[in-house]
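J.: Dumping the structure here so I can ask a few things about it.
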Amino acid sequence: MKKLDRQRRVDLVSLLSNMKTAIDLLIIVGVISALGTFIPQGQTPDFYLSQYGTWIGKGILLGSLNSLYQSWWYQILIGLLCLSLSVCCYRRLRHARSIKKAASLSFHLAIVIILAGAAWSLGYARSVAVEINAGDKINLANYGFSPSELGLKQFTIDYYPDYQPRQYRSQLQLQGYQGHDYTREISVNHPLQAGILKIYQRSWGWTLKLSDQSGEKVTPLRIKDHDAILLDKAQGLYLQAIFIPDYDPLAGIESKTPLPNNPRLILALVKDDQVQNMAIVPVGNKAQLARYCFRFDGYSYYSGLEIKSDPGVYLVYTGFVFLLIGLIARYWQLFFIRKVD
Amino acid sequence: MEKHLLTLIFLLLLVDVINNLVRLWKNTKLLRNFGSLLGWLTFISFLGLMSFRIIAAHRAPFANMYEFTLLFTGFILIISIILRRTLLSPLFDLAVTLLLLVLLAVTSTISADLQPLMPALQSNWLHIHVATAIIAYGAFAAAFCLGIVYLAKSPDSTHELQQIDQRIYRLVVLGFTFLTFVIITGAIWAEQAWGNWWSWDPKETWSLITWIVYAVYLHARSSRQWKGRKTIWIVVIGFLVVLFTLFGVSILLPGLHSYA
């Protein structure tokens with residue numbers, strides 16, 4: 001019985017150490033990855049049932065094809081590929097005496113390193129999306145990072161002459177992150193880096209400041225552009241706010257430019273997706289909507305940031321270096337020395 | 001002016017295709033030299049076209065699908081001019097000119113509007129990423145055209161086939177090396193711009209699939225189990241995957257590369 005087990009282990013190792021197995025696994029990964037590009041990923045279950053019909057939709061959900069690249073079976077496949085490449089590399093280690101063979105080894109080992117980095121990221125990367133108003137601060141400890149204070153001093157948008165966005169910029173202040181302070185301007189493609197923590201520019205929008213003057217007490221409110229807040233739960237009544245930075249009566253609710261040259265706020269009472277009352281008000285003015293009264297006090301940008309710590313990415317980059325070194329060392333002779341296959 | 005130059009290139013290629021068709025029947029030195037002249041004229045017109053584009057846009061022409069396809073076409077043209085000097089095959093010339101003609105026809109259907117660079121594209125990685133992609137895809141395109149020549153040749157012309165096979169191999173190695181650069185620079189850039197070095201975006205997934213296809217070719221060839229025609233078919237399939245990655249994904253599978 002023991003002999004049989006040992007024989008099976010030997011067979012398994014010899015199967016995994018065969019480069020043909022790794023190639024077969026690579027082809028399978030390629031075909032399955034292609035499948036994932038044709039099935040929309042990360043949609044709600046209802047989407048698949050309505051788009052593909054009950055049977056195919058259920059099949060997609062049952063096989064986790066709706067989140068294919070994150071499914072357990074896809075990750076097992078990647079793990080098997082990684083294992084097969086590792087065994088192949090180990091078996092070829094003693095033969096790697098020539099540059100060509102060492103380069104080939106480096107190349108294949110690099111793929112294992114990259115996949116290991118990806119697995120590390122999958123398990124240990126932490127990513128949080130936050131929206132901060134200019135002048136506000138947040139404590140990163142509340143989001144699972146090292147205790148420190150992140151503040152947005154200013155957010156600006158640069159425009160081309162035709163008002164297409166050129167760049168989004170956030171002036172950030174990160175205080176007390178692992179004993180260091182950072183003051184940086186970030187923009188798309190230029191994140192703030194503090195150790196393994198990175199802060200990326202992701203999105204932006206308008207925050208609208210209102211005062212609820214419906215009762216005797218004046219209550220300040222903050223609402224994001226296009227968002228709605230619940231006013232009366234029993235009646236299902238919502239207040240929706242739409243900001244028009246550059247109002248032009250001829251253009252209606254379309255803003256003339258994205259710049260706040262003539263700001264107006266549309267306030268609407270909404271019930272069952274139907275507008276009950278609506279008003280368009282400039283800054284400092286009040287809107288009377290049925291029994292509710294709101295004053296439009298002001299507006300400011302908010303900056304959408306992604307805060308991320310991903311230790312795995314450095315392992316991935318190490319893999320990239322090995323990959324390129326291996327590739328160049330393996331093939332450079334083809335182009336610089338004649339008659340070499 | 002840009003449109004006129006594009007029409008001129010199209011006409012030059014059309015004449016070249018006809019010339020190469022005639023050469024299939026009667027391959028004289030005069031016709032061969034005329035083909036080379038047409039190739040150089042096309043190249044000069046192409047340089048003119050790209051210069052006008054750069055002056056009008058005030059930036060390198062790396063920003064959208066139209067510009068990428070033009071550069072891709074231009075690079076195949078350069079490789080074909082280099083290969084034409086030593087490879088005296090009218091069939092190869094015909095395959096290349098036909099491919100260039102098709103690519104140019106596709107380019108003319110894509111919007112040529114001069115758009116300013118959106119924030120995500122404002123990075124030095126853009127130039128490295130696109131330039132390496134053009135070299136990789138251009139090398140695969142030339143390997144594909146040589147593959148057509150290989151498959152059309154009689155299996156008896158062993159020495160000639162070996163030479164073509166060796167050229168295909170070198171082109172695939174060049175393309176594969178640069179495709180690896182494309183994927184790596186894309187990953188580093190994506191990490192800088194979006195915070196994820198890999199997002200399974202359709203374009204990056206199909207780039208990986210292209211990489212896998214050519215990796216299979218390199219292994220098949222080096223393991224000596226597959227030889228000749230079988231490996232050439234992988235090169236042909238590989239280029240079809242390249243075309244799908246370039247055009248099919250952009251049209252059928254929207255994602256983060258929506259501008260490309």
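J.: With every protein chain kept in place and ligands, DNA and RNA left out, what is the accessible area per residue of the range B:130-260? Probe 1.4 Å, answer in Å².
T.: Working: 4730 Å² over 131 residues.
I get 36 Å² per residue for the range B:130-260.
J.: Just to be sure I follow: if Rg is taken over the C-alpha atoms of the range B:37-155 and Rh is the Kirkwood radius over the same atoms, what is Rg/Rh?
T.: 1.02
J.: Please report the carbon-and-sulfur percent of the accessible area for chain A; probe 1.4 Å, protein heavy atoms only, DNA, RNA and ligands left out. Kindly include the intermediate steps, with their values, before the conclusion.
T.: On the way: 10780 of 19090 Å².
Here it works out to 56 percent.
J.: Shifting gears a bit: Springs between alpha-carbon pairs under 10 angstrom, Gaussian network model over chain A: which of A:Trp55, A:Trp73, A:Trp204 fluctuates most?
T.: So, out of A:Trp55, A:Trp73, A:Trp204, the one fluctuating most is A:Trp55.
J.: Hey, any idea what the orientation-averaged projected area of the convex hull of the protein assembly as shown's Cα atoms comes to, in nm²?
T.: Dividing the Cα hull surface by four gives the mean projection, 38.1 nm².
J.: Normalised by the residues of chain A, what does the relative contact order come to in percent, with Cα pairs under 8 Å and at least six apart?
T.: With pairs under 8 Å counted, the relative contact order is 18 percent.
J.: Additional query: Please give the net charge around B:Ser36, taking every other residue with its beta carbon less than 14 angstrom from that of B:Ser36, where Lys and Arg add +1 and Asp and Glu add -1. It would help to have the intermediate numbers written out before the result.
T.: On the way: positive: B:Arg23, B:Lys29, B:Arg32, B:Arg84, B:Arg85; negative: B:Asp16, B:Asp93.
After counting each charged neighbour, the total is +3.
J.: For the range A:72-172, just run the numbers: alpha carbon Rg, then divide by 2.2 N^0.38 Å, N being how many residues it has.
T.: Computed over Cα atoms of the range A:72-172, the ratio equals 1.83.
J.: Assuming 0.36 nm per residue, please report the length gained on full extension of the stretch B:Val15 to B:Val236 beyond their Cα-Cα distance.
T.: Answer, rounded to one decimal: 77.0 nm.
J.: Which whole-angstrom value gives the distance between the alpha carbon centres of the range B:189-247 and the range A:182-198?
T.: 33 Å
J.: Also, I was wondering about something else. If you project the alpha carbons of the range B:71-125 onto the principal axes, what extent comes out on each, in Å, largest first?
T.: Sorted largest first, the three principal extents are 47, 27, 12 Å.
J.: Ok, one more. Across the Cα atoms of the range A:172-268, what radius of gyration and what greatest pairwise Cα-Cα distance (Dmax) are found, in Å?
T.: When restricted to Cα atoms, the range A:172-268 yields Rg and Dmax of 19.2, 55 Å.
J.: Now a separate question. Can you tell which of A:Val316, A:Val281, A:Val112 shows the greatest fluctuation in a Gaussian network model of chain A with Cα springs below 10 Å?
T.: In the Gaussian network model the winner is A:Val281.
J.: Could I ask something else about it? For chain B, with equal point scatterers placed on the C-alpha atoms only and solvent neglected, what are the log10 I(q)/I(0) values from the Debye formula at q = 0.08, 0.15 1/Å, to two decimals?
T.: -0.33, -1.11
J.: Right, another one. Can you give me the relative contact order of the range B:154-234 as a percent, contacts being Cα pairs under 8 Å and 6 or more apart?
T.: Once divided by the residue count of the range B:154-234, the mean separation gives 25 percent.
J.: Provide the descending list of Cα extents for chain A along its principal axes, expressed in whole angstroms.
T.: Rounded to whole Å, the extents work out to 87, 52, 42 Å.
J.: Let me ask something else. Translational diffusion coefficient of the range B:91-178 at 10 °C, 1.306 mPa s, Stokes-Einstein with Kirkwood Rh over Cα pairs, in µm²/s as a whole number.
T.: It diffuses with D of about 104 µm²/s by this estimate.
J.: Per residue of the range B:201-215, what does 6.51 cos²θ - 1.76 cosθ + 1.60 with θ = phi - 60° give for ³J(HN,Hα)? Whole Hz please, x for Gly and Pro, Karplus curve as stated.
T.: 5, x, 5, 6, 5, 6, 5, 5, 4, 4, 4, 5, 4, 6, 5
J.: How much net charge surrounds A:Gln167 when only the other residues with a Cβ under 11 Å from the Cβ of A:Gln167 are counted, with Lys and Arg +1 and Asp and Glu -1?
T.: Charge balance near A:Gln167 sits at 0.
J.: How long is the gain from A:Glu185 to A:Tyr52 if the chain were fully straight, where each residue apart is worth 0.36 nm and the alpha carbon distance is subtracted?
T.: Extending this stretch completely gives an extra 43.2 nm.
J.: Show me you know the interface measure: the accessible area buried between A and B, both chains summed, probe 1.4 Å, in Å² to the nearest 100.
T.: Accessible area lost upon association: around 4000 Å².
J.: Using θ = phi - 60° and the Karplus form 6.51 cos²θ - 1.76 cosθ + 1.60, what ³J(HN,Hα) does each residue of the range A:308-315 get, whole Hz, x for Gly and Pro?
T.: 9, 10, 9, x, x, 5, 6, 5
J.: From the cross-link list A:Lys217/A:Lys286; B:Lys203/B:Lys230; B:Lys26/B:Lys153, which pairs have alpha carbons spaced over 22 Å apart?
T.: B:Lys203/B:Lys230
J.: In Å, the Kirkwood hydrodynamic radius of the range A:244-295 over pairs of distinct alpha carbons?
T.: For the range A:244-295, the Kirkwood estimate is 11.8 Å.
J.: On to the next question. Return the residues of the range A:29-44 for which accessible area with all protein chains present is lower than in the chain on its own by 50 Å² or more; set the probe to 1.4 Å and exclude ligands, DNA and RNA.
T.: Those residues are A:Thr37, A:Phe38.
J.: Can you give me the long-range amide H partners of A:Arg166? Hydrogens built in the peptide plane at 1.01 Å from N, cutoff under 5 Å, separation of 5 or more residues or another chain.
T.: Here A:Asp158, A:Tyr159, A:Tyr160 satisfy the definition.
J.: At what distance in angstrom do the alpha carbon centres of the range A:127-173 and the range B:89-150 lie from each other?
T.: 39 Å
J.: Name the long-range amide H neighbours of A:Cys293: under 5 Å, sequence gap of 5 or more, or other chain; modelled H, no Pro or chain starts.
T.: Correct list: A:Gln213, A:Ser214.
J.: Would you kindly derive the ³J(HN,Hα) couplings of the range A:7-20 from the backbone phi angles with the Karplus curve 6.51 cos²θ - 1.76 cosθ + 1.60 (θ = phi - 60°), listing them in order in whole Hz, with x for Gly and Pro?
T.: Computed from phi, the couplings for the range A:7-20 are 4, 5, 4, 4, 4, 5, 5, 5, 5, 5, 7, 7, 4, 4 Hz.
The values are calculated or read from the model by the stated rules, or taken from the named source; none is laboratory data. From a predicted model like this one, the values you see are computed outputs, not experimental measurements. Methodologically, a virtual Cβ is constructed for each residue, glycine included, from the backbone with ideal geometry; neighbour enumeration extends over all protein chains shown. Just the protein is used for accessible areas: all its heavy atoms, side chains included, with ligands, DNA and RNA removed. Shrake-Rupley method; radii C 1.70, N 1.55, O 1.52, S 1.80 Å.
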